[in-house]
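The values are calculated or read from the model by the stated rules, or taken from the named source; none is laboratory data. It should be emphasised that the depicted structure is a prediction, and the values quoted were computed from it without experimental measurement. Every residue, glycine among them, receives a Cβ derived from its backbone with ideal geometry; neighbour counts consider all protein chains shown.
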């Protein structure tokens, strides 16, 4: 008696993956995973920069409120440029306050001052672009009637 062993006949629809196809698929998945992880790192750094700017904005608003609380004749509003260091939370900030007189088109003085507050986070962990400055500009006038109206 003759024993027949079945021959390995494979239909074209039942063929498996080869080792090369599996390696190519793994490389494609690895490239996709690395791309998404680099996006994750970028978004984390961007969020850190956003929080730095938000904290710097809070410091600038605090400085502006201090200026709003004094009278127009106070020495705080004398024409000058002041630079100081402020600590808020666990961070240090450089605050530059510029007070300048406003003048009319005919060079006559107004009873109006332009106040520019620039707040820059000092050296912290992270790249330089996360330490961008925040600038607030406001105008302050006297409560008395004066020549602060714009004349042409």
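Of note:
Results for (1) modelled with pLDDT under 90; (2) more than 19 Å from residue 61 (Cα to Cα), shown as yes or no for each residue.
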site: 110; (1), (2): yes, yes
site: 117; (1), (2): no, no
site: 122; (1), (2): yes, no
site: 140; (1), (2): yes, no
site: 147; (1), (2): yes, yes
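- Within the range 60-96, considering residues that are touching a helix residue (DSSP H, G or I) at 6+ places or on another chain (Cβ under 8 Å) and in a strand (DSSP E or B), the one nearest to residue 142 (Cα to Cα): 95
- The range 1-38, residues that are modelled with pLDDT of 85 or more and not in a helix (DSSP H, G or I): 18
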